[in-house]
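Note sheet for the following structure.
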Amino acid sequence: MNFENTLAFAQALDQADPLRELRQDFLFPQQNGKPFIYLCGNSLGLQPKAAREVLNEQLNNWQNYAVEGWFEGKTPWMFYHKELKKLMAPLVGASPAEVCPMNTLTVNLHLLLVSFYKPKPGKYKIIMEAGAFPSDQYAIESQVRFHGYDPKAAIIEVAPREGEYILRTEDIINAIAESGNEIALVLFGGVNYFTGQWFDMEAITKAGHAVDAIVGFDLAHAAGNVPVQLHAWNIDFACWCSYKYQNSGPGGISGIFVHEKHFSDSSLNRFAGWWGYQEQQRFKMEKGFVPEAGADGWQVSCTQVMPMALYYASLQSFEKAGFINPLREKSKTLTAYLFFIINEVNMVLEMEQYKIITPTNEADRGAQVSIIAKEKGKEVFEQLVANNVLGDWREPNVIRLSPVPLYNSFEDVFETGALLLEISKKILVK
Ligand SMILES: *Cc1c(COP(=O)(O)O)cnc(C)c1O
């Protein structure tokens, strides 16, 4: 598409957008009596208006049924997670049996590593992306130590080439092949939190399986953002948080995926709890853990009803949108427009003041644009916020802006560009 840097053009794109009404289902933060242009959905998604209602419904159930709420009411808590599983599955390309809402992300990463990182002498290495989200680094390091290995020897990080910011798929594949059978586990982010790079998950999975390794993904920045196909790509396990692109609120519940091919593997270790026990027999309270079939068998503690209610409200907005594919279509154009607008700002400034490090290739990115500000980046960022554009700042010099197709418009992107130019002119001549 030939983009134009005009308000009229942006508004015409909004007029033609079949999802344009969805933003009215969300609450925007305000400053100086005006709503923010919110470009921070990669960090914490906006509150769906339905959240309060769904939460209230559960507060009422608690009030009216108390302990009987586990089996009474419109959504008995005992089975509430099943309502969510139905809506989570199409978002990540899985069957409902393969996914389950539970706990929080890093906790689930640990629980899944207990099952799927099974190091032994000669095959104990983990391969991952350099610069992965710190929580993942710490989780993996501590798991390696827990098994009695040295993280320095066990963890192989694949880094971008000198002078580059994003990883080349061939370099990842080669690194996997190089260590070959020494690799027990390949663990990558789906989308890197810093650069916004969407890795070629299918190719990485194939390469991992070729050396007989287990392959897992952390989808914190991918779930609800890009159309992943966890089952079809034959990925072994995955987990994600739901408070970024999935708008389930701060500290919201996490989701896990376990590929169906592992369901009958009784050799897998688990850190078990009563809620993972066979559902039909759970209240017999018998000795000896027998897991429920499917991803549900990884549950540990009883259903967290309130966080699940918030996630449910959010999943309903994805259902209304037609799940991930229509959103992805809009997202591609919205992100491409932001690329175009940033480059327009550079052109007027006659310098590459804003260097985009997110992949230029559409298939390698989601809804995030990471920008290195050459000069006075922090000042520029602070001025954006002061003028009602909320993105986020990552040390040492990166501004991340995420236009989210559920609630951002092409006009938001245009206005952001206009403001960025105005601010830059002021700050850079100072
Ligand atoms: C956001 C994020 C986390 C956060 O983990 P929590 O346990 O929810 O605090 C972990 N890993 C990745 C890759 C993330 O992007």
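General observations
- Among the residues of the range 190-227, those identified as more than 20 Å from Glu98 (Cβ to Cβ) and within 11 Å of the ligand (Cβ to nearest atom) are Val191, Asn192, Tyr193, Phe194, His221.
- Qualifying position, being closer than 29 Å to Asn192 by Cα and not acidic (Asp, Glu), among Leu7, Leu59, Leu27: Leu27
- So Lys330, is it closer than 30 Å to Ala50 by Cβ and not assigned by TED's automatic domain parsing to the domain that holds Phe263: yes
- Residue in the range 240-249 that is open to solvent by 10 Å² or more (accessible area, probe 1.4 Å) and more than 16 Å from the ligand (Cβ to nearest atom) present: no
- Test: residue in the range 257-266 that is more than 16 Å from the ligand (Cβ to nearest atom), of a type outside the set (A, V, I, L, M), in the same structural domain as Asn103 (by TED's automatic domain parsing) and open to solvent by less than 10 Å² (accessible area, probe 1.4 Å): no
- Screening Ile156 on (1) open to solvent by 20 Å² or more (accessible area, probe 1.4 Å); (2) away from the ligand (no atom under 16 Å from the Cβ); (3) touching a strand residue (DSSP E or B) at 6+ places or on another chain (Cβ under 9 Å); (4) assigned to a helix (DSSP H, G or I) shows it passes everything except condition (4).
- Close pairs from the range 95-123: first within 12 Å of the ligand (Cβ to nearest atom) and part of a helix (DSSP H, G or I), partner open to solvent by less than 50 Å² (accessible area, probe 1.4 Å) and not hydrophobic (A, V, I, L, M, F, W, C), Cβ under 6 Å, at least 6 apart: Leu105/Ser254; Thr106/Ser135; Asn108/Ser254
- Cβ separations smaller than 8 Å between residues 6+ apart or across chains give the following pairs from the range 165-192 residues that are touching a residue at least 60 places away in the same chain (Cβ under 8 Å) and assigned by TED's automatic domain parsing to the domain that holds Gly131 to residues that are open to solvent by 10 Å² or more (accessible area, probe 1.4 Å) and assigned to a helix (DSSP H, G or I): Ile166/Asp364; Val186/Ala207; Leu187/Asp136; Gly189/Asp136.
Residues checked against (1) at pLDDT below 95; (2) under 24 Å from Val389 (Cβ atoms); (3) touching a Ser or Thr at 6+ places or on another chain (Cβ under 6 Å):
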position	(1), (2), (3)
Asn5	no, yes, no
Asp25	no, yes, yes
Pro29	no, yes, no
Ser43	no, yes, no
Lys49	no, yes, no
Asn61	no, no, no
Glu68	no, no, no
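- Selected residue [under 30 Å from Val404 (Cβ atoms) and acidic (Asp, Glu)] from Glu202, Glu178, Glu182: Glu202
- In the range 95-131, the residues that are of a type in the set (Gly, Ala, Ser) and in contact with a helix residue (DSSP H, G or I) (Cβ under 8 Å, 6 or more places away or on another chain): Ser95, Ala97, Ser115, Gly122
- Pairs meeting the criteria (first residue in the range 370-384 and farther than 19 Å from Ile341 by Cα, second residue part of a helix (DSSP H, G or I), beta carbons under 8 Å, at least 6 apart or on different chains) are Lys376/Ile427; Lys376/Leu428; Glu379/Ile427.
- Number of residues in the range 41-60 that are open to solvent by less than 30 Å² (accessible area, probe 1.4 Å) and either of a type in the set (Lys, Arg) or more than 15 Å from Ala313 (Cβ to Cβ) (or both) equals 2.
Condition check ((1) open to solvent by less than 10 Å² (accessible area, probe 1.4 Å); (2) of a type outside the set (A, V, I, L, M, F, W, C); (3) in the same structural domain as Leu22 (by TED's automatic domain parsing)) across all residues:
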{"position": "Glu375", "(1), (2), (3)": "no, yes, yes"}
{"position": "Phe381", "(1), (2), (3)": "no, no, yes"}
{"position": "Leu384", "(1), (2), (3)": "yes, no, yes"}
{"position": "Arg400", "(1), (2), (3)": "yes, yes, yes"}
{"position": "Pro403", "(1), (2), (3)": "yes, yes, yes"}
{"position": "Ser409", "(1), (2), (3)": "no, yes, yes"}
{"position": "Leu421", "(1), (2), (3)": "no, no, yes"}
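- Looking only at residues in the range 195-233 that are aromatic (Phe, Trp, Tyr) and either without any contact (Cβ under 8 Å) to a residue 60 or more places away in the chain or crowded, with 20+ Cβ neighbours inside 10 Å (or both), the one that is nearest to Ser331 (Cα to Cα) is Trp198.
- If only residues of the range 11-38 that are aliphatic (A, V, I, L, M) and under 19 Å from Gly249 (Cβ atoms) are counted, the one that is least open to solvent (accessible area, probe 1.4 Å) is Leu22.
- Taken over the range 132-153, residues that are at pLDDT below 95 and open to solvent by less than 40 Å² (accessible area, probe 1.4 Å) amount to 1.
- Qualifying residue in the range 50-69 (condition: outside any helix (DSSP H, G or I) and farther than 24 Å from Val191 by Cβ): no
- The residues in the range 356-372 that are in a loop (DSSP other than H, G, I, E, B) and surrounded by fewer than 21 Cβ atoms within 10 Å (Cβ to Cβ) can be counted, and the count is 4.
- Checking Lys74 against (1) part of a helix (DSSP H, G or I); (2) among the charged types (D, E, K, R); (3) within 16 Å of Met306 (Cα to Cα), the condition it does not meet: (1)
The values are calculated or read from the model by the stated rules, or taken from the named source; none is laboratory data. Please read these numbers as outputs of a predicted model, since none were measured by experiment. Because the Cβ atoms are built from the backbone with ideal geometry, glycine has one as well, and the counts that use them run over all protein chains shown. The area values use the complete protein model at the heavy-atom level, side chains included, leaving out ligands, DNA and RNA. Shrake-Rupley method; radii C 1.70, N 1.55, O 1.52, S 1.80 Å.
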